[in-house]
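Data block below; observations after.
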Amino acid sequence: MSWWTPELAAIVWAMFQALVILLGAVLLGAALTVVERRLLGLWQDRHGPNRVGPFGTMQLVADMLKIFFKEDWIPPFADRPLFVLAPIIAFASLLLSFVIIPITPGWGVADMHIGLLFFFAMAGVNVYAVLLGGWSSGNKYALLGAMRASAQTLSYEVFMGLSLMGVVALAGSFNMRDIVNAQEGFWFIIPQFFGFATFFIAGVAVTHRHPFDQPEAEQELADGYHVEYSGMKFGMFFIGEYVGMVLISALIVTLFFGGWHGPWLPPILWFALKTGFFLVLFILLRAALPRPRYDRVMNFGWKVCLPLTLINLLATGAVMLLIGS
Amino acid sequence: MELAFYLSSLVAVLATVGVITGTNPVHAIVYLIVSLIAVALVFFALGAPFAGALEIIVYAGAIMVLFVFVVMMLNLHPDAEREQTWTHPRYWLGPSVLALVLLAALVALLGQGGVGETIDGELLTAKAVGMTLFGPWLMVVELSAILLLAALVTASHVGRRSNPLRNNENRGGTP
């Protein structure tokens with residue numbers, strides 16, 4: 001076995017890790033669609049999907065079969081190339097962001113030193129999925145949804161970046177592994193509580209989850225930017241939203257809750273438990289909160305969250321200078 | 001590294017040609033976004049991932065979104081006939097000749113500089129960029145901060161409501 005060199009083994013192992021993380025993210029996103037409906041049923045005192053298989057566990061298979069075999073219709077008035085491109089951007093940009101997340105000390109895809117900036121870049125590209133999808137549909141409700149979505153996402157991305165700069169300053173690095181390692185003693189949620197609060201709000205808004213699902217407000221916009229989509233193209237938007245949820249939860253865990261750190265249990269279990277907690281929190285938000293009016297959402301972002309992140313960054317810098325000197 | 005540099009440069013050039021020759025405004029903007037991402041990849045290949053990431057975040061992620069926004073609001077349609085008159089040689093011949101002269105000067109200068117630097121994939125970290133910006137170039141950072149502040153004040157002045165009281169009267173007293 002002369003061709004089986006250590007370098008080749010390292011490459012194969014890295015590719016295996018990347019594949020497992022990719023499949024894990026997609027499958028978790030798909031499974032969440034059913035988990036969310038069951039949990040919503042529980043919290044809203046109704047049954048939820050409970051017919052397929054024991055306790056409705058096979059609902060996911062039924063949904064997948066349906067979505068694969070549905071007619072994939074492109075409206076004749078749509079802009080064909082962009083109509084096809086939009087769901088690909090929605091899905092791919094979020095999945096690519098998983099590259100930077102370190103799951104355990106040994107597991108993770110890429111160890112880039114610009115780590116966090118890569119996520120911001122992908123979040124920036126993700127805006128185009130909604131914008132192009134809404135425009136290329138040739139439908140006024142879709143266009144209105146896309147307009148709202150891009151305005152909301154742009155506003156919330158501004159302070160999403162700023163809210164994490166406190167963490168970056170404390171860890172002294174954009175690299176996600178360095179950030180996790182810096183949380184060995186205490187989690188960053190303690191010194192960076194306002195950073196966490198604003199990042200969580202921005203994360204919910206950027207993934208268009210309730211209560212920030214303005215772009216797809218059913219009552220006003222008949223589903224917003226993906227109203228013309230069907231079949232697997234809709235599926236990519238739909239699963240993409242849940243993949244975004246997984247991504248934001250994993251990022252919160254990595255940045256504020258010490259990543260894989262924790263007593264007794266193995267690192268992978270700690271990471272999964274913490275991420276699961278935030279996924280359930282996302283779903284609980286949807287079950288508990290009504291959707292605010294659109295202008296209130298924008299006002300809240302610009303007039304409350306942005307100043308809060310700026311003050312947080314200023315205070316973090318001041319305290320670090322005081323302690324350091 | 002060199003292969004990545006030349007490939008992404010080629011993509012950038014082709015995408016930019018697509019911006020100019022396309023007749024559909026939204027398609028042209030998508031080409032421009034691709035071009036910007038290709039330029040970001042050029043930065044990555046040159047060993048400046050910080051600049052590359054900022055290129056995507058600032059240009060592709062923020063500025064181009066506003067472009068797309070405006071073009072969508074204007075509801076422009078593909079207009080091949082009008083574009084035909086714009087691409088008449090009369091309009092582009094002069095600038096092209098001038099640009100060619102510049103290109104010749106650039107090539108001559110590059111030829112004079114000896115072997116020069118090659119792409120070695122040395123990593124320029126965010127820390128190094130920050131140390132340079134807030135060390136020798138602090139003045140430039142502060143000047144651009146003042147410029148941005150002036151732009152902010154101007155934007156809020158242009159965007160403000162002229163007189164809230166009079167606006168209410170014009171709307172017939174509705175709250």
Structure-based [θ]222 nm, the protein assembly as shown - -39500 (n - 2.57) summed over DSSP H runs of at least 4, per residue, nearest 500: -23000 deg cm²/dmol
Computed E for B:LEU98/B:LEU152 - FRET, C-beta separation, R0 45 angstrom, nearest 0.05: 0.80
Modelled FRET efficiency - R0 45 Å, A:VAL84 with A:LEU321, Cβ distances, 0.05 increments: 0.30
Rounded FRET efficiency, nearest 0.05, which uses the C-beta distance separating B:VAL129 from A:PHE68 and R0 of 51 Å: 0.60
Chain A: DSSP helices with Cα axial extent of at least 24 Å and average Kyte-Doolittle hydropathy no lower than -0.5: A:6-43, A:80-97, A:115-136, A:140-171, A:231-256, A:267-288, A:306-324
Label-point gap, in nm, between B:PHE67 and A:TRP4 - each point 7 angstrom along Cα→Cβ: 5.2 nm
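On average over all directions, what projected area in square nanometres does the stretch A:250-325 have, based on the convex hull of its Cα atoms?
Value for the stretch A:250-325: 7.6 nm².
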Rotationally averaged projected area of the protein assembly as shown (alpha carbon convex hull; nm²): 34.0 nm²
Range of Cα positions in the stretch A:74-324 per principal axis (Å), largest first: 62, 39, 32
Cα gyration tensor category, rounded, prolate or oblate, for the stretch A:151-253 with a/c compared to 1.5: prolate
Residue with peak Gaussian network fluctuation, chain A [Cα springs, cutoff 10 Å], from A:GLU241, A:GLU36, A:GLU71: A:GLU71
A:ILE311 versus A:TRP43: modelled label distance in nm, points set 7 Å from Cα along the beta carbon direction: 2.9 nm
Footprinting exposure proxy for A:PHE282, A:PHE174, A:PHE68 (fewest neighbouring C-beta atoms within 10 Å first): A:PHE68, A:PHE282, A:PHE174
Kirkwood hydrodynamic radius (C-alpha pairs) into Stokes-Einstein, the stretch B:1-81, 37 °C and 0.692 mPa s, D in µm²/s: 248 µm²/s
Spatial extent of the stretch A:84-137: Rg and Dmax, with the Cα atoms as the point set, Å: 13.3, 44
Euclidean distance of C-alpha centroids, the stretch A:180-194 and the stretch A:302-325, integer Å: 15 Å
Neighbour-count ranking [beta-carbon atoms within 10 angstrom, fewest first] of A:ARG291, A:ARG51: A:ARG51, A:ARG291
Virtual spin-label span in nm between A:PHE186 and B:VAL17, 7 Å along Cα→Cβ: 6.0 nm
Inter-chain shielding of A:128-137 (mean C-beta neighbours from other protein chains, 10 Å cut-off): 3
More than 18 Å apart - percent of Cα-Cα pairs taken over the stretch A:1-50: 57 percent
Extension reserve of the A:ILE11-A:ALA287 stretch, reckoned as 0.36 nm per residue once the Cα distance is removed: 95.0 nm
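Computed from the coordinates by the stated procedures, all read-outs in this text should not be read as laboratory data. Keep in mind it's a predicted model, so treat the numbers as computed, not measured. As a convention, Cβ positions derive from the backbone with ideal geometry for all residues, glycine included, and neighbour counts pool all protein chains shown.
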